[in-house]
Amino acid sequence: MSPNVTNRPLTPADFPAVSRLHATVFGPGRFTRTAYRVREGAPAFSPYCRVAMLGERLIAAVRFTPITVGGEGGALLLGPLAVDPEFAGQGFGKRLISEAMEAARTDGVRLVLLVGDEPYYGRFGFRPVPPGQITLPGPVDPRRLLAAELIPGALARSCGPTAGQRA
(Lines give C-alpha, C1' and ligand atoms only; values in the text may rest on other atoms or scores of the structure.)
Protein backbone atom coordinates (compact mmCIF):
# COMPACT_ATOMS: atom_id res chain seq x y z
CA MET A 1 0.00 0.00 0.00
CA SER A 2 1.33 3.39 -0.99
CA PRO A 3 2.35 5.66 1.89
CA ASN A 4 0.96 8.60 -0.13
CA VAL A 5 -2.63 7.30 0.07
CA THR A 6 -4.78 8.92 2.70
CA ASN A 7 -8.27 7.98 3.82
CA ARG A 8 -10.77 10.60 4.83
CA PRO A 9 -14.53 11.13 5.10
CA LEU A 10 -16.44 11.67 1.87
CA THR A 11 -17.42 15.27 1.14
CA PRO A 12 -19.95 16.70 -1.34
CA ALA A 13 -17.04 17.87 -3.49
CA ASP A 14 -16.07 14.20 -3.98
CA PHE A 15 -19.38 13.22 -5.64
CA PRO A 16 -18.27 13.75 -9.26
CA ALA A 17 -15.13 11.66 -8.79
CA VAL A 18 -17.06 8.94 -6.92
CA SER A 19 -19.67 8.87 -9.70
CA ARG A 20 -16.93 8.45 -12.32
CA LEU A 21 -15.36 5.64 -10.26
CA HIS A 22 -18.72 3.86 -9.93
CA ALA A 23 -19.28 4.16 -13.69
CA THR A 24 -15.84 2.68 -14.36
CA VAL A 25 -16.18 -0.18 -11.88
CA PHE A 26 -19.88 -1.07 -12.17
CA GLY A 27 -21.06 0.30 -15.52
CA PRO A 28 -24.57 1.51 -16.34
CA GLY A 29 -26.29 -1.49 -14.71
CA ARG A 30 -25.41 -0.17 -11.26
CA PHE A 31 -28.65 1.80 -11.01
CA THR A 32 -30.80 -1.34 -11.19
CA ARG A 33 -29.23 -2.96 -8.14
CA THR A 34 -31.41 -3.48 -5.09
CA ALA A 35 -29.04 -1.48 -2.88
CA TYR A 36 -29.80 1.62 -4.96
CA ARG A 37 -33.50 1.12 -4.20
CA VAL A 38 -32.82 0.95 -0.46
CA ARG A 39 -30.93 4.25 -0.63
CA GLU A 40 -33.66 6.15 -2.52
CA GLY A 41 -34.62 9.20 -0.49
CA ALA A 42 -31.87 8.64 2.09
CA PRO A 43 -29.17 11.27 2.62
CA ALA A 44 -26.46 11.25 -0.06
CA PHE A 45 -23.82 10.26 2.46
CA SER A 46 -23.29 9.48 6.12
CA PRO A 47 -20.40 10.10 8.51
CA TYR A 48 -19.16 6.58 7.71
CA CYS A 49 -18.64 7.10 3.97
CA ARG A 50 -14.94 7.17 3.16
CA VAL A 51 -12.60 7.80 0.25
CA ALA A 52 -8.98 6.87 -0.38
CA MET A 53 -6.94 9.57 -2.08
CA LEU A 54 -3.59 9.33 -3.86
CA GLY A 55 -2.71 12.99 -3.85
CA GLU A 56 -5.73 14.60 -5.53
CA ARG A 57 -6.80 11.37 -7.24
CA LEU A 58 -9.72 9.42 -5.74
CA ILE A 59 -8.79 5.73 -5.97
CA ALA A 60 -11.40 4.07 -3.73
CA ALA A 61 -14.70 4.90 -2.08
CA VAL A 62 -17.19 3.19 0.19
CA ARG A 63 -20.68 4.27 1.06
CA PHE A 64 -22.59 3.47 4.25
CA THR A 65 -26.27 4.41 4.30
CA PRO A 66 -28.30 4.58 7.52
CA ILE A 67 -31.20 2.13 7.24
CA THR A 68 -34.05 0.76 9.26
CA VAL A 69 -34.74 -2.96 9.61
CA GLY A 70 -38.32 -3.73 10.55
CA GLY A 71 -38.76 -0.03 11.35
CA GLU A 72 -35.83 0.05 13.82
CA GLY A 73 -32.80 2.28 13.22
CA GLY A 74 -29.22 1.70 14.29
CA ALA A 75 -28.18 -0.14 11.13
CA LEU A 76 -26.18 0.68 8.02
CA LEU A 77 -26.11 -0.62 4.47
CA LEU A 78 -22.56 -0.99 3.16
CA GLY A 79 -22.11 -0.36 -0.50
CA PRO A 80 -21.06 0.29 -2.97
CA LEU A 81 -17.39 -0.31 -2.38
CA ALA A 82 -15.41 0.69 -5.45
CA VAL A 83 -11.67 0.59 -6.05
CA ASP A 84 -10.05 1.93 -9.20
CA PRO A 85 -9.02 -1.18 -11.20
CA GLU A 86 -5.44 0.10 -11.29
CA PHE A 87 -5.33 -0.17 -7.48
CA ALA A 88 -7.49 -3.27 -6.92
CA GLY A 89 -6.20 -5.98 -4.61
CA GLN A 90 -3.87 -3.68 -2.69
CA GLY A 91 -5.92 -3.34 0.50
CA PHE A 92 -7.44 0.10 -0.08
CA GLY A 93 -11.04 -1.11 0.12
CA LYS A 94 -10.27 -3.24 3.16
CA ARG A 95 -8.83 -0.25 4.98
CA LEU A 96 -11.83 1.97 4.15
CA ILE A 97 -14.29 -0.66 5.41
CA SER A 98 -12.33 -1.36 8.59
CA GLU A 99 -12.05 2.32 9.52
CA ALA A 100 -15.72 3.03 8.84
CA MET A 101 -16.98 -0.02 10.73
CA GLU A 102 -14.86 0.83 13.75
CA ALA A 103 -16.26 4.38 13.75
CA ALA A 104 -19.79 2.99 13.46
CA ARG A 105 -19.17 0.58 16.35
CA THR A 106 -17.87 3.45 18.49
CA ASP A 107 -21.01 5.44 17.66
CA GLY A 108 -23.31 2.61 18.75
CA VAL A 109 -24.43 1.33 15.34
CA ARG A 110 -25.60 -2.20 15.98
CA LEU A 111 -25.68 -3.88 12.56
CA VAL A 112 -24.25 -3.50 9.05
CA LEU A 113 -25.90 -5.19 6.06
CA LEU A 114 -24.68 -5.67 2.53
CA VAL A 115 -25.27 -7.66 -0.61
CA GLY A 116 -21.93 -9.23 -1.45
CA ASP A 117 -19.59 -12.17 -1.40
CA GLU A 118 -18.92 -13.83 1.94
CA PRO A 119 -15.37 -14.92 0.98
CA TYR A 120 -14.40 -11.23 0.72
CA TYR A 121 -16.61 -9.65 3.39
CA GLY A 122 -16.30 -12.49 5.93
CA ARG A 123 -12.97 -11.01 7.07
CA PHE A 124 -14.97 -8.07 8.47
CA GLY A 125 -17.36 -10.32 10.41
CA PHE A 126 -20.09 -10.57 7.78
CA ARG A 127 -22.16 -13.76 7.79
CA PRO A 128 -25.27 -14.80 5.83
CA VAL A 129 -28.60 -13.54 7.12
CA PRO A 130 -31.02 -16.41 7.75
CA PRO A 131 -33.34 -16.63 4.71
CA GLY A 132 -36.43 -14.46 5.06
CA GLN A 133 -35.34 -12.75 8.29
CA ILE A 134 -34.46 -9.45 6.62
CA THR A 135 -35.81 -8.35 3.25
CA LEU A 136 -34.72 -5.75 0.74
CA PRO A 137 -36.92 -3.91 -1.79
CA GLY A 138 -36.03 -5.92 -4.86
CA PRO A 139 -34.48 -9.18 -5.89
CA VAL A 140 -31.50 -10.38 -3.86
CA ASP A 141 -29.79 -13.74 -3.90
CA PRO A 142 -30.39 -14.74 -0.24
CA ARG A 143 -26.90 -16.28 -0.07
CA ARG A 144 -25.43 -12.83 -0.72
CA LEU A 145 -27.37 -10.93 1.97
CA LEU A 146 -24.79 -10.61 4.72
CA ALA A 147 -24.74 -8.94 8.13
CA ALA A 148 -22.02 -7.96 10.59
CA GLU A 149 -23.00 -7.45 14.21
CA LEU A 150 -21.31 -4.44 15.75
CA ILE A 151 -23.22 -5.16 18.95
CA PRO A 152 -23.45 -8.87 19.86
CA GLY A 153 -26.91 -10.31 19.28
CA ALA A 154 -28.00 -7.50 16.94
CA LEU A 155 -28.79 -9.79 14.03
CA ALA A 156 -31.07 -12.02 16.09
CA ARG A 157 -33.04 -8.91 17.12
CA SER A 158 -33.34 -7.62 13.54
CA CYS A 159 -36.23 -8.78 11.40
CA GLY A 160 -38.33 -7.35 8.59
CA PRO A 161 -38.00 -5.07 5.60
CA THR A 162 -35.17 -2.59 5.15
CA ALA A 163 -35.53 1.01 4.11
CA GLY A 164 -33.20 3.96 3.82
CA GLN A 165 -33.42 6.06 6.96
CA ARG A 166 -34.55 9.58 6.16
CA ALA A 167 -32.61 12.52 7.52
Checking Gly41 against (1) over 17 Å from Phe92 (Cα atoms); (2) modelled with pLDDT of 95 or more, the condition it does not meet: (2)
Enumeration of residues in the stretch 148-167 that are among the aliphatic types (A, V, I, L, M), farther than 16 Å from Gly79 by Cα and at pLDDT 95 or above: Leu150, Ile151, Ala154, Leu155, Ala156
Strands (runs of 3 or more DSSP E) completely within the stretch 48-109 that count 2 or more residues being touching a Cys at 6+ places or on another chain (Cβ under 8 Å) and at pLDDT 95 or above: 57-69
So Gly122, is it over 19 Å from Gly164 (Cα atoms) and either more than 11 Å from the chain's Cα centre (by Cα) or assigned to a strand (DSSP E or B) (or both): yes
Residue tally, condition without any contact (Cβ under 8 Å) to a residue 12 or more places away in the chain and surrounded by 21 or more Cβ atoms within 10 Å (Cβ to Cβ), over the stretch 108-140: 0
Test result for Ala103, within 21 Å of Val38 (Cα to Cα) and in contact (Cβ under 8 Å) with a residue 12 or more places away in the chain: no
Residue that is surrounded by the fewest Cβ atoms within 10 Å (Cβ to Cβ), among those in the stretch 8-38 that are modelled with pLDDT under 75 and of a type in the set (Phe, Trp, Tyr): Phe31
Scope the stretch 139-167; condition hydrophobic (A, V, I, L, M, F, W, C), assigned to a loop (DSSP other than H, G, I, E, B) and closer than 15 Å to Val38 by Cα; matching residues: Val140, Ala167
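The values are calculated or read from the model by the stated rules, or taken from the named source; none is laboratory data. Just so we're clear, the structure is a prediction, and the values are computed from it rather than from any experiment. Glycine also receives a Cβ, built like all others from the backbone with ideal geometry; neighbour counts cover every protein chain displayed.
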